[in-house]
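*Asks:* A single structure is presented below for examination.
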Amino acid sequence: MKAKLRSAFLPKGQPTYLESFKWFLFGSWWNVLLVFIPLSFISHFVKWNAAARFTLSFLAIMPLAKLLGEATDQLSIRVGQTVGALLNASFGNAVEVIIGIVALIQ
C-alpha cells in the first residue's frame, strides 16, 4: 500500500526524496569538507587566532557553495528552465556576496 501511494505522487523514473538526499550528501568528494562547518563555529566561539578561523571557514564554504549549485540545478529540473536560470543566476553568486559583505563589515 505504501509503495502504491508513493508511486502515485512521484512521476515515473524520478528518485525519491531519500534517494535525492543520499545523493546530495554522498555524491561528491567535496562533501568530506562538510566536517569543517562545526569546526569553524567552534573556532569562533573558542577565540582561536584569525588565521585558523579563516582557514576553517574557507574549507567549510567550498562544499557549501557546491551544494548550493547542486540545489539550484535540482530545483531547476522541477520548476522549469526559465525559473531555474533565474535561481541559478541569483544564488550562484551568493557565496561571493556573503564574503564581500563580511569583508566590508570587518
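The values are calculated or read from the model by the stated rules, or taken from the named source; none is laboratory data. Nothing here was measured: the structure is a model prediction, and the numbers come from that model. Quick reminder, even Gly has a Cβ in these numbers, built from the backbone with ideal geometry, and neighbours come from all protein chains shown. Areas reflect the complete protein model, heavy atoms only, side chains present, ligands, DNA and RNA absent. Shrake-Rupley method; radii C 1.70, N 1.55, O 1.52, S 1.80 Å.
*Asks:* With a/c under 1.5 counting as rounded, go ahead and sort the chain into rounded, prolate or oblate using the C-alpha gyration tensor (a ≥ b ≥ c being the square roots of the eigenvalues; past the cut-off, prolate if a/b is larger than b/c, else oblate). Write down the numbers at each step before the final one.
*Replies:* Numbers: a/c = 3.54, a/b = 1.82, b/c = 1.95.
The shape class here is oblate.
*Asks:* Roll a 1.4 angstrom probe over the protein heavy atoms and tell me the percent of accessible area of the chain that is carbon or sulfur. List each step's numbers first, then the result.
*Replies:* Values: 6030 of 8420 Å².
After summing per-atom areas, the C and S share lands at 72 percent.
*Asks:* Right, next: To the nearest 10 square angstrom, what accessible area does ARG53 show with a 1.4 Å probe?
*Replies:* 70
*Asks:* Right, next: Using only the heavy atoms of the protein chains and a 1.4 Å probe, how would GLU19, GLU70 rank by accessible area, largest first?
*Replies:* Numbers: GLU19 100, GLU70 40 Å².
Sorted by accessible area, descending: GLU19, GLU70.
*Asks:* Length gain on complete extension for the stretch GLN106 to ILE37, per 0.36 nm per residue less the alpha carbon to alpha carbon distance? Each step should come with its number before you reach the end.
*Replies:* On the way: separation 69, 0.36 × 69 = 24.84 nm, distance 2.06 nm.
22.8 nm is the gain from fully extending GLN106 to ILE37.
*Asks:* Label-point separation (nm) for ALA50 and PHE24, each offset 7 Å from Cα along Cα-to-Cβ?
*Replies:* My value for the distance between the label points is 3.6 nm.
*Asks:* Under unit Cβ charges (Lys, Arg +1; Asp, Glu -1), what dipole magnitude, rounded to 20 debye, does the chain have relative to its Cα centre?
*Replies:* Details: 9 positive and 4 negative charges, 96 e Å.
Dipole of the chain, to the nearest 20 debye: 460 debye.
*Asks:* If the chain between TYR17 and ALA65 were fully stretched, how many nm would it gain, using 0.36 nm times the residue separation less the Cα-Cα distance? Walk me through the numbers on the way to the answer.
*Replies:* Values: separation 48, 0.36 × 48 = 17.28 nm, distance 2.11 nm.
Residue separation times 0.36 nm, minus the Cα-Cα distance, leaves 15.2 nm.
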